[in-house]
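As structure tokens, the structure follows; a few thoughts come after it.
Here, each number is a calculation from the coordinates, and none is a lab measurement. For clarity, every value in this text was computed on a predicted model and none was experimentally measured. No Cβ is skipped: glycine too gets one built from the backbone with ideal geometry, and neighbour counts run over all protein chains shown.
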Amino acid sequence: ELERVEITVVHTKKRAKYACRSCEEGVVTAPGPPRVIHKGLLSAGFLAHIISERFYFHMPYYRLEKKYAAEGLDLSRSVLERSVARCGELLEPLHTALRTEILREDVVFTDDTVVRIARAGKPGSSQQGRLWIYTDKQGRHFYDFTDSRSRDGPAAILSDFKGFLQADAY
């Protein structure tokens, strides 16, 4: 018998405030615990959950917003979007290091796939973009995005690459 329980736990954290009684100078608050996003509401586990829901399961932010509202959580899609974008910024050094390592290999494989991009301000309107994967023989990979299939994107990524490139040669 399988049972699935999905639950959100709210932790309330109180920080002590101190003041000097003799000099009556300003109040000092004890530092809070470290967070992934400075002064952010979402824990590392919740951020990982949102990222996997959004990108692995392709759940749009408006659906996530509705899902969390049904669970009693007031998380606007702007909070979700900004939090995921901030995680992307925090992970940028990892992406750069991985890209550098892969492009040092003697063989790199690449291909692209079409993705739909929603146009801002035009509901229901979209355009085509390309998501490129670059991978090595060990299976390590990184992605790049371009708004067309032109050679400019891959040419920029591979500008310093020395080795064999396997692609579909489109």
So Glu1 and Ser76, fully extended at 0.36 nm per residue minus their Cα-Cα distance, gain in nm 23.4 nm
Which of Ile157, Ile102, Ile117 fluctuates most in a GNM of the chain (C-alpha springs under 10 Å)? That residue is Ile117
In a Gaussian network model of the chain with springs linking alpha carbons closer than 10 Å, the residue among Ala19, Ala118, Ala69 that fluctuates most is Ala19
For Lys162, the aspartates and glutamates lying under 12 Å Cα to Cα, once residues fewer than eight places off in the same chain are dropped, come out as Glu105, Asp106
Output for segment 18-55: trypsin sites (Lys or Arg not before Pro) sitting in coil per DSSP, at most 11 other Cβ within 10 Å, listed by number, reads Arg21, Lys39
Per the C-alpha gyration tensor (a ≥ b ≥ c, the square roots of its eigenvalues), segment 1-81 is rounded if a/c is under 1.5, else prolate if a/b beats b/c, else oblate; here it's prolate
Options (1) 48, 35, 31; (2) 89, 29, 26; (3) 75, 46, 40 for Cα extents along the principal axes in Å; the value derived from the coordinates is listed as (3)
XL table Lys17/Lys67; Lys67/Lys137; Lys39/Lys122; Lys67/Lys122; Cα-Cα > 28 Å flagged, in table order, is Lys17/Lys67; Lys67/Lys137; Lys39/Lys122
Filtering chymotrypsin sites (Phe, Trp or Tyr not before Pro) in segment 37-114 by DSSP loop and by at most 11 other Cβ atoms within 10 Å leaves Phe57
Helix-only [θ] at 222 nm, the chain, -39500 (n - 2.57) per DSSP H run of 4+, per residue, nearest 500, equals -9500 deg cm²/dmol
Heads up, segment 36-91 by the C-alpha gyration tensor (a ≥ b ≥ c square roots of eigenvalues; a/c under 1.5 rounded, else a/b over b/c prolate, else oblate) looks oblate
In segment 75-119, the trypsin sites (Lys or Arg not before Pro) that sit in a DSSP loop and have at most 15 other Cβ atoms within 10 Å of their own Cβ are Arg104, Arg119
Classified through the alpha carbon gyration tensor (a ≥ b ≥ c as square roots of its eigenvalues; rounded if a/c is under 1.5, else prolate when a/b is larger than b/c, else oblate), segment 70-170 comes out oblate
Within the under-13-Å Cβ sphere about Ala70, not counting Ala70, Lys/Arg +1 and Asp/Glu -1 give a net charge of -1
